[in-house]
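The values are calculated or read from the model by the stated rules, or taken from the named source; none is laboratory data. Keep in mind that this is a model prediction, so the values were computed, not measured. So basically every Cβ, Gly included, is an ideal-geometry build from the backbone, and we count neighbours across all protein chains shown.
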Amino acid sequence: MDKRDVSRAERPSPGKKRGSRLRHHNFLGGLAGWLWLIVVLLPIYWIVITSFKVQSDYYATNPLLPPTSPTLENYRFVLENDFVRYFVNSVIVTVGSVGPAVLVSFMAAYAIVRGSAASRFLRGVNGLFLMGLAIPLQAVIIPIYLIIIKLQMYDTLGAIILPSLAFAIPLSVLVLGNFVRDVPKELFESMRMDGATEWGTLWRLAFPLTRPALVTVTIYQGLTVWNGFILPLILTQSPEQRTLPLALWSFQGQYSVNIPAVLASVVLTTLPILTLYIIGRRQLLSGLTAGFSK
Amino acid sequence: MTIAPPVVQTAPPSATSGGRSGSVTWMAWPALVAFVGFGVVPLIGVLLLSFTSWNRLSQDIPFTGLDSWRSVLSDPGLPHALWVTFLIMALSWLFQTPISLLLGVFIAAQKRYRSVLAVLFFVPLLLSQAAISITYKALLDPNFGLGAGLGWPFLQQDWLGDSTLALGVVVFVVSWQFIPFHTLIYQGGVRQIPASMYEAAQIDGAGRVRQFFSITLPQLKYTIITSSTLMVVGSLTFFDLIWVLTAGGPGDATRALAVDMYQRGFKADLMGPASAIAVILVLVGLALALGLRRLGGRDASSSQLEGV
């Protein structure tokens with residue numbers, strides 16, 4: 001049931017050797033590849049080295065050379081400016097929305113796969129989520145703002161959590177549904193013979209078999225919420241409720257004369273997500289490929 | 001990070017159920033309630049609000065009929081915003097597609113450095129658009145940025161202060177973030193092309209370039225359409241990046257639809273007209289998605305396996 005193995009097996013294997021020898025001389029592609037790598041890495045390299053420069057160094061030296069006297073001063077400055085609070089806010093918002101979103105999406109995906117044949121209602125729900133993929137968050141932000149005000153949740157972390165949760169659902173249901181659908185029918189049958197309830201089957205059969213997809217969906221939605229900007233911008237106002245991207249933005253406005261400090265804050269907000277990526281990248285990349293090409 | 005709502009090929013729900021659907025239906029309810037509450041209701045709400053003159057100071061929401069629509073449609077700001085949106089869409093498509101295609105083909109075949117390259121390529125996709133925009137803003141600063149530091153006249157232009165250049169920067173920064181994603185899609189597409197086709201072409205004496213244009217490109221037709229749909233529809237919703245990078249400026253040079261909506265609604269406090277813009281945003285997105293889908297033929301999913 002491992003999706004990675006499936007996709008690997010689907011790759012054309014006969015004649016692979018000859019094909020790859022042939023493709024090795026892809027000069028243009030190679031050139032483009034390495035050029036683009038420079039385009040990708042140069043700004044990142046610049047952010048990192050500049051974040052260790054003292055201000056006078058920043059103005060005086062070649063911007064692409066590493067700092068002559070590296071300093072952690074910028075990082076100290078950022079950390080003293082409530083970075084930890086924004087970080088905690090971001091964690092609360094991300095975990096608080098993605099956790100429940102993936103859970104309810106998994107349940108819905110299971111229900112749709114198991115029940116659609118007999119239930120017109122579930123087919124309708126499935127259709128609704130498919131259409132929901134096309135609703136852009138930006139286009140419905142005004143009514144969401146109104147709803148949040150009416151719920152008296154304006155300027156709370158909950159105001160960011162609820163819409164984030166809702167907008168993570170359609171894609172999660174779609175991807176998870178595709179994976180639950182791959183569970184052999186016979187396994188469901190034998191669970192039923194053993195007298196398992198649907199709830200039990202969901203947890204003891206579908207959950208372990210869908211786990212790679214669950215991890216992928218969680219990482220992907222986590223990334224989206226973690227980097228979210230427009231919801232915190234519109235639904236909160238006090239500095240105490242800021243999440244990292246928004247804090248970064250206001251920090252930039254406040255300290256735009258101190259570019260090394262601004263860039264240190266960029267590094268600090270990016271570091272957690274980069275760490276997670278390094279740990280979970282295989283899962284993420286293979287899951288994304290499988291999820292999008294299914 | 002905003003990734004466009006993916007238009008993924010879907011299979012109809014299969015008949016795995018033994019007919020005891022009554023006991024599973026409730027499991028769909030929590031997701032349904034959450035999504036209806038913050039997805040479907042707001043979608044209806046934005047249409048209704050476009051017929052009102054709600055401002056945030058008043059408690060009530062006065063119904064004003066077509067007033068908002070009249071003011072938006074007669075405002076020269078709307079054609080301009082549509083034009084800017086279209087420019088960003090078209091230019092970023094033109095910029096991203098060839099590069100992603102080339103990189104996708106390259107990474108799919110490359111054995112030695114493939115994994116390393118794939119890992120590094122992916123990094124821009126992880127960064128928030130706020131972080132990326134802040135970085136480029138500093139990097140392109142005419143007085144203190146990279147150009148000034150290196151003394152390169154080309155880089156030392158007022159990138160974000162000039163209308164044409166600012167639009168170009170938006171397109172470039174968008175591409176910088178999303179080319180990795182589309183490369184991934186193309187990489188997947190290339191892997192699905194059967195190697196036997198290349199062997200046959202080789203026997204027929206077709207060279208590399210010929211193979212690319214006669215096999216790779218036609219075989220990737222549906223991948224190109226999927227990727228283009230995501231690019232085009234996704235570009236409608238660019239907000240974070242533009243807002244942090246240029247705030248719609250200089251003047252209104254990069255004031256795309258989503259930015260226009262934010263400025264009318266949350267800056268000028270004209271929620272009615274802003275809602276009308278949001279409705280237009282949804283309609284344009286739907287029209288584009290449907291149009292591209294027609295272009296690709298009805299059944300884009302199964303045809304990837306053709307010719308096996």
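Observations on the structure shown:
- Scanning the range B:181-195 for residues that are crowded, with 22+ Cβ neighbours inside 10 Å and either modelled with pLDDT of 95 or more or under 19 Å from residue A:34 (Cβ atoms) (or both) returns B:182, B:183, B:184, B:186, B:187.
- Failed item, numbered, when residue B:277 is tested on (1) farther than 20 Å from residue A:245 by Cα; (2) β-branched (Val, Ile, Thr); (3) within 16 Å of the chain's Cα centre (by Cα); (4) crowded, with 21+ Cβ neighbours inside 10 Å: (3)
- The number of residues in the range B:166-221 that are more than 8 Å from chain A (Cβ to nearest Cβ), under 21 Å from the mean Cα position of the chain (by Cα) and of a type in the set (A, V, I, L, M, F, W, C) comes to 11.
- Filtering the range A:62-75 for residues that are surrounded by fewer than 23 Cβ atoms within 10 Å (Cβ to Cβ), under 29 Å from residue A:218 (Cα atoms) and either acidic (Asp, Glu) or within 28 Å of the chain's Cα centre (by Cα) (or both) leaves an empty set.
Residue-by-condition table, conditions (1) aromatic (Phe, Trp, Tyr); (2) within 25 Å of residue A:231 (Cβ to Cβ); (3) modelled with pLDDT under 90; (4) in contact with a Pro (Cβ under 8 Å, 6 or more places away or on another chain):
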residue: B:83; (1), (2), (3), (4): yes, no, no, no
residue: B:87; (1), (2), (3), (4): no, no, no, no
residue: B:90; (1), (2), (3), (4): no, no, no, no
residue: B:94; (1), (2), (3), (4): no, no, no, no
residue: B:98; (1), (2), (3), (4): no, no, no, no
residue: B:107; (1), (2), (3), (4): no, no, yes, no
residue: B:112; (1), (2), (3), (4): no, no, yes, no
residue: B:124; (1), (2), (3), (4): no, yes, no, yes
residue: B:130; (1), (2), (3), (4): no, yes, no, yes
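- Top-ranked residue of the range A:204-236 - restricted to ones that are within 11 Å of chain B (Cβ to nearest Cβ) and not in a helix (DSSP H, G or I), ranked as surrounded by the fewest Cβ atoms within 10 Å (Cβ to Cβ): A:229
- When residues of the range A:252-266 are limited to those that are assigned to a helix (DSSP H, G or I) and facing chain B (nearest Cβ under 9 Å), the one nearest to the chain's Cα centre (by Cα): A:266
- Residue B:232 being modelled with pLDDT of 90 or more, closer than 24 Å to residue B:294 by Cα, surrounded by 16 or more Cβ atoms within 10 Å (Cβ to Cβ) and of a type in the set (A, V, I, L, M, F, W, C): yes
- Single unsatisfied condition, residue A:79 versus (1) under 30 Å from residue B:256 (Cα atoms); (2) surrounded by fewer than 17 Cβ atoms within 10 Å (Cβ to Cβ): (1)
- Residue within the range A:164-174 that is of a type outside the set (Gly, Ala, Ser), out of contact with any strand residue (DSSP E or B) (no Cβ under 8 Å at 6 or more places or on another chain), more than 9 Å from chain B (Cβ to nearest Cβ) and over 23 Å from residue A:86 (Cβ atoms) present: no
- Options B:77, B:65, B:39; residue that is among the small types (Gly, Ala, Ser), farther than 27 Å from residue A:133 by Cβ and either within 14 Å of chain A (Cβ to nearest Cβ) or exposed (fewer than 15 other Cβ atoms within 10 Å of the Cβ) (or both): B:65
- Among the conditions (1) at the interface with chain A (Cβ under 10 Å from one of its Cβ atoms); (2) in contact (Cβ under 8 Å) with a residue 24 or more places away in the chain; (3) touching a strand residue (DSSP E or B) at 6+ places or on another chain (Cβ under 7 Å), residue B:56 misses just one, which is (3).
- Residue that is within 12 Å of chain A (Cβ to nearest Cβ) and either without any contact (Cβ under 8 Å) to a residue 40 or more places away in the chain or of a type in the set (D, E, K, R) (or both), where the choices are B:101, B:125, B:140: B:140
- Complete set of residues in the range A:166-175 that are of a type in the set (A, V, I, L, M) and touching a Gly at 6+ places or on another chain (Cβ under 8 Å): A:166, A:169, A:175
- One residue from A:271, A:187 being assigned to a helix (DSSP H, G or I), out of contact with any Phe, Trp or Tyr (no Cβ under 7 Å at 6 or more places or on another chain) and farther than 27 Å from residue A:104 by Cβ: A:271
- The residues listed here are A:119, A:69, A:56; of these, the one that is closer than 30 Å to residue B:282 by Cβ, of a type outside the set (D, E, K, R) and at pLDDT below 95 is A:119.
- The range B:201-265 holds helices (runs of 4 or more DSSP H) entirely within its bounds, and those carrying 1 or more residues that are in contact (Cβ under 8 Å) with a residue 40 or more places away in the chain and within 28 Å of residue A:228 (Cα to Cα) map to B:221-235, B:240-245, B:257-262.
- Candidate set from the range A:106-146 (those that are of a type in the set (Ser, Thr, Tyr) and at the interface with chain B (Cβ under 7 Å from one of its Cβ atoms)); member that is farthest from residue A:170 (Cα to Cα): A:119
- Residues satisfying the stated conditions in the range B:207-222, i.e. among the hydroxyl-bearing types (Ser, Thr, Tyr) and buried (at least 17 other Cβ atoms within 10 Å of the Cβ): B:216, B:222
- Only a single item in (1) of a type outside the set (D, E, K, R); (2) more than 10 Å from chain A (Cβ to nearest Cβ); (3) out of contact with any helix residue (DSSP H, G or I) (no Cβ under 7 Å at 6 or more places or on another chain) is not met by residue B:151, and it is number (2).
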